[in-house]
Each structure stands twice: as structure tokens, then as C-alpha cells.
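Engineer: Before I ask anything, let me first share the structure, which is written out below as C-alpha cells.
The values are calculated or read from the model by the stated rules, or taken from the named source; none is laboratory data. Because the structure is predicted, anything quoted here is derived from the model rather than measured. Heads up, the Cβs are rebuilt from the backbone with ideal geometry, glycines too, and the neighbour counts pull from every protein chain shown. Surface accessibility is based on the protein's heavy atoms, side chains included, excluding ligands, DNA and RNA. Shrake-Rupley method; radii C 1.70, N 1.55, O 1.52, S 1.80 Å.
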Amino acid sequence: MSSSTPKILIGSALLLAAAAATSYISSKNSSSESSRELVEIDDEVLEGEVFITGDDVCKVFDRLFMEMQAVLAQLSHTVQQIQQSGQVIPEQQLRQLLITEYERALTVKTKQALDEADMDDDCFEEATWEFLDKENEYPKVKKSVERFQKLWENVSGENVVGKRKGGVQKEEEVVEILPAEKTIEVAEVYFDALTTTMGDLAAKFKEDGKDLRDPQVAQQLQMEFSSLANDKGEEALKELGISQLQFQKSIEANASDPQVGRALAMLQMKQQQALASLGVA
């Protein structure tokens, strides 16, 4: 990945296109396999003393996806403030900062989510791998997990989407990289789709009498946006005959092109202005 990628992630993708992120699951292993309570899938329920369904797994990963996007947004805001003050952070240091703070927050939020769901972390992890082993039968689990894998991938630069138990990585699809000008054109369509999605949600909230300046309402708006934006962005790309992966890889491949960087910054500014006019922070 180009050394310029972190700037683009913070400048645009983490703030605006992070909703296109897919998912992440820890690959930690227990020191003693015999001490782990193993469960097996039987239709939608894992049998054993603890019952974990596919919906249970989705709820945890969807919650973590929403909460970690908020963490990234706050980290991005902090970095922007530092940069605006004139301080220069080396990109390698910036990447490590994001990873460290992300992992710290993820550890806390994962424990909270599992405690509230009354699930043991080892059982939850084993159940997740079991569902992913039968991904064709449980497409919702696959989508939820890979959405969060993508979020981690955006932060770390590590290729984890499609990762399975034992560190096995599915062979990555080979895609055609778009030239810089085409990448910009596609980014414009993609950003417009996200802006429209947020605008429609904001209008609905206002119609329901909700005050977008209320922090709780703003948080609810962001969470609903996060749940929709990935699909809306992907739909917009499909209309152009371009996959999400192709768009992502093209952004990464053109990361060092100043023209692409400027265009993404302008798209971000345009989007922020459009959302501000709707009363969206």
C-alpha cells in the first residue's frame, strides 16, 4: 500500500467512505483447546450449554462496527486538529497511532458488548468461525463479519477480509485498476450516493420532529447512516459496472497521485458543506 494512503483514509475514507468498510474478527487462539467450550451448528442455533445464533453474532459485530466508526471519526477529527495547528505527523507514526488507539477501544467495546449479551468471548469466537465455515448458509453473518474486517483493513492496511479460522485467507479477486481520472469520476458518484443517503435520513428525522443538534439524535442519525451507506455506495458503483473491491483498489493504487488526493479532499469539503446545509454536523 502506498505511503500516501493514510492521508487519504483520514482525509476522506474514514470520515466519509468508512461506511463502505466491511468487517474484522480477532484471530486470537486459546492456550488450551480443551478449556474452550466448543459448540456445533444445528440450523440457526449452536447447541451446547450456551446458545449462540447467527443473529447473536450479527448483533455484536454490527454494534462494534457502529461504535468503532465513531472511534475512528473522533480519531480523525483529533488528527485534523493537530495537522491544522501546523504540526506534521510522519505517516508511519500516524498509522501506528490509529492502530494502537483502535485496538485499545476495540478491546473495551468488545468486552462490553459480550458482557451485555451474556456471552463468553471464547464461545463467541468459536461460534463465529463455525458460522463462517458455512457462509453460504449464513450470508448475514458473513456480511456482518467481513464488513468489520474491512474497517480494520482500512485502519491497519492489513489484508484481513475473508480471513478464516487458522489464519486461512481466501484468494483475493484480481481486479482491473482504474486510471486516476476514472477513479475520480467514480469517487464523485460514490460520494454523491453517500451524501444523498445522509440527506434523506436527515430529512426523515426532521419530519419526525427530531432535533439534529441534539447529540443523542445526531448519534442515532450516524448509526442509521452507517447501516445503510455500505449498500447504497455499492449500489451506486454497480450502476457504473464497478465493484466495491475495484473501487477500493483503485483508490489505493492512485493514492500517490496529487490529482486524486486533491479531488478526494474537494469531495469531502463539498459533502461537508452539503450536510451542514441540512443541519448535519
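Engineer: Pick from 125, 130: which is in contact with a strand residue (DSSP E or B) (Cβ under 7 Å, 6 or more places away or on another chain), part of a helix (DSSP H, G or I) and outside the structural domain of residue 240 (by the TED database)?
Structural biologist: Sole residue among the options that is in contact with a strand residue (DSSP E or B) (Cβ under 7 Å, 6 or more places away or on another chain), part of a helix (DSSP H, G or I) and outside the structural domain of residue 240 (by the TED database): 130.
Engineer: Something else: Between 155, 174, 141, 145, which is β-branched (Val, Ile, Thr) and open to solvent by 50 Å² or more (accessible area, probe 1.4 Å)?
Structural biologist: Among 155, 174, 141, 145, only 174 is β-branched (Val, Ile, Thr) and open to solvent by 50 Å² or more (accessible area, probe 1.4 Å).
Engineer: Where residues in the stretch 113-122 are in contact with a Lys or Arg (Cβ under 8 Å, 6 or more places away or on another chain) and part of a helix (DSSP H, G or I), which of them is surrounded by the most Cβ atoms within 10 Å (Cβ to Cβ)?
Structural biologist: Across the stretch 113-122, the extreme among qualifying residues is 113.
Engineer: If you check residue 165 against the conditions, is it basic (Lys, Arg) and under 21 Å from the mean Cα position of the chain (by Cα)?
Structural biologist: The answer is yes for residue 165.
Engineer: Does the stretch 205-223 contain at least one residue that is within 19 Å of residue 72 (Cβ to Cβ), over 19 Å from the mean Cα position of the chain (by Cα) and not small (Gly, Ala, Ser)?
Structural biologist: yes
Engineer: Are there any pairs with C-beta distances below 6 angstrom linking a residue in the stretch 226-255 that is more than 25 Å from residue 62 (Cα to Cα) to a residue that is surrounded by fewer than 17 Cβ atoms within 10 Å (Cβ to Cβ) and of a type outside the set (A, V, I, L, M, F, W, C), with the two at least 6 apart or on different chains, and if so which?
Structural biologist: Pairs that qualify, where the first residue is more than 25 Å from residue 62 (Cα to Cα) and the partner is surrounded by fewer than 17 Cβ atoms within 10 Å (Cβ to Cβ) and of a type outside the set (A, V, I, L, M, F, W, C), are 255/2.
Engineer: Something else now. Residue check: is residue 251 among the β-branched types (Val, Ile, Thr) and touching a helix residue (DSSP H, G or I) at 6+ places or on another chain (Cβ under 6 Å)?
Structural biologist: So residue 251 fails the test.
Engineer: Would you say residue 235 is modelled with pLDDT of 90 or more and within 21 Å of the chain's Cα centre (by Cα)?
Structural biologist: So residue 235 fits the description; yes.
Engineer: Turning to a different aspect of this structure: Could you check, for the stretch 100-111, whether at least one of its residues is of a type in the set (D, E, K, R), open to solvent by less than 80 Å² (accessible area, probe 1.4 Å) and either in a loop (DSSP other than H, G, I, E, B) or in the same structural domain as residue 244 (by the TED database) (or both)?
Structural biologist: No, because not a single residue in the stretch 100-111 is of a type in the set (D, E, K, R), open to solvent by less than 80 Å² (accessible area, probe 1.4 Å) and either in a loop (DSSP other than H, G, I, E, B) or in the same structural domain as residue 244 (by the TED database) (or both).
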